[in-house]
Amino acid sequence: MFSGSSGADYQDTVIENDGFWPNLNAGDFEKRRGLPAAQDPDRIATAIANATAEVNLQLEMLKTQYMSEGINQAEDIIAFPKIGNKNRVVMQYESAINARAKADLLPDIATVHQRKEGDHLADRSEETKNELLAESQRIIRNMCGLNRSTVTLI
């Protein structure tokens, strides 16, 4: 574990990936998505692993396309904008997974809160879960070169 600048402790569990998509760190997820300190670290890592499997499945055709172009790791894709060594595709990939993992953890988060403000979290958790899943899906569509929505005439 390490302490973040806010004094919160974040785990350093690495979720190994398939070699094309980058490995993920549970502590990075905890920092980015502001999880309550009382969350179980194993449950968080499992949620990230499950979300990774789902996103990888959805992006299988995109991965195959990149690999057919000779790109063997997502980090090698030339895509802008970039932050540090991370290109847009890697950042979007991580964001899609983080949104899904947080959606999976919402029922746990809602039951952790005991304050009055948290009393309505369980009521809002289904709506928030749907928003997070939609966020993930929008990101995946963008990664695949699709607009937010598509209309097809049958």
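Side notes on the structure shown:
- Annotation note: Cβ proximity below 9 Å between a residue of the range 78-89 that is in contact (Cβ under 8 Å) with a residue 24 or more places away in the chain and a residue that is small (Gly, Ala, Ser) and assigned to a loop (DSSP other than H, G, I, E, B) (sequence gap 6+ or interchain) occurs for 89/79.
- Residues satisfying the stated conditions in the range 82-98, i.e. in contact with a helix residue (DSSP H, G or I) (Cβ under 6 Å, 6 or more places away or on another chain) and of a type outside the set (Gly, Ala, Ser): 89, 90, 92, 97, 98
- Enumeration of residues in the range 18-54 that are open to solvent by 60 Å² or more (accessible area, probe 1.4 Å), part of a helix (DSSP H, G or I), modelled with pLDDT of 95 or more and closer than 20 Å to residue 87 by Cα: none
- Taken together, 64, 111 contain a single residue that is modelled with pLDDT of 95 or more, part of a helix (DSSP H, G or I) and surrounded by fewer than 16 Cβ atoms within 10 Å (Cβ to Cβ), which is 64.
The values are calculated or read from the model by the stated rules, or taken from the named source; none is laboratory data. Keep in mind it's a predicted model, so treat the numbers as computed, not measured. Cβ atoms come from the backbone with ideal geometry, glycine included; neighbour counts cover every protein chain shown. For the accessible areas, the whole protein counts, side chains as well, though only heavy atoms, and no ligand, DNA or RNA atoms are used. Shrake-Rupley method; radii C 1.70, N 1.55, O 1.52, S 1.80 Å.
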